[in-house]
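**Q** Can you keep this structure in mind? I'll have questions shortly.
The values are calculated or read from the model by the stated rules, or taken from the named source; none is laboratory data. Since the structure is predicted, the reported quantities are computational estimates derived from the model, not experimental observations. A quick note on method: Cβ atoms are made from the backbone with ideal geometry, for glycine too, and the neighbour counts reach across all protein chains shown.
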Amino acid sequence: MEKRGAWDSEQETVLRKETRAAELHAMGVAERTKKPAASQMFSDVYAGSDLPLHLREQTEQLRAHLEKYAEHYNLDEFQTEDSYVDQSAIDRESYKYAEDFKSKE
């Protein structure tokens, strides 16, 4: 690419610096973001009431365990069940909207 004049070392240096800054920013945001609610380890692949009985039971067992032994877990790092936001669903909808928009152009 350099021989064809499409790329040079200065562009490479700028790209590497910009990419590193973007990665560090994304990591900082991720580190400050609370982890998903614990129940999401069971329900993130099922929609609504499609959760199988055995996983509903395990969800309840986990809830009871965390309630009983809360002092042994740093639950402040996690979203509460009531405040859980499924960011991946939002991202999927945004992507779908963008793809729909592109197809209409």
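**Q** Is it the case, given these coordinates, that V29 is loosely packed, with under 11 Cβ neighbours inside 10 Å, β-branched (V, I, T) and at pLDDT 85 or above? Full working, then the answer.
**A** Working: loosely packed, with under 11 Cβ neighbours inside 10 Å: yes; β-branched (V, I, T): yes; at pLDDT 85 or above: yes.
Spelling it out, V29 is indeed loosely packed, with under 11 Cβ neighbours inside 10 Å, β-branched (V, I, T) and at pLDDT 85 or above.
**Q** Please count how many residues of the stretch 59-98 are surrounded by fewer than 10 Cβ atoms within 10 Å (Cβ to Cβ), at pLDDT below 85 and acidic (D, E).
**A** 1
**Q** Just to verify a result, which residue in the stretch 42-55, among those that are part of a helix (DSSP H, G or I) and touching a residue at least 12 places away in the same chain (Cβ under 8 Å), is surrounded by the fewest Cβ atoms within 10 Å (Cβ to Cβ)?
**A** Of the residues in the stretch 42-55, the ones part of a helix (DSSP H, G or I) are 42-43, 48-50, 53-55.
Adding the requirement that they be touching a residue at least 12 places away in the same chain (Cβ under 8 Å) leaves 42-43, 55.
Values: F42: 18, S43: 18, L55: 16.
Ranking the candidates gives L55 first.
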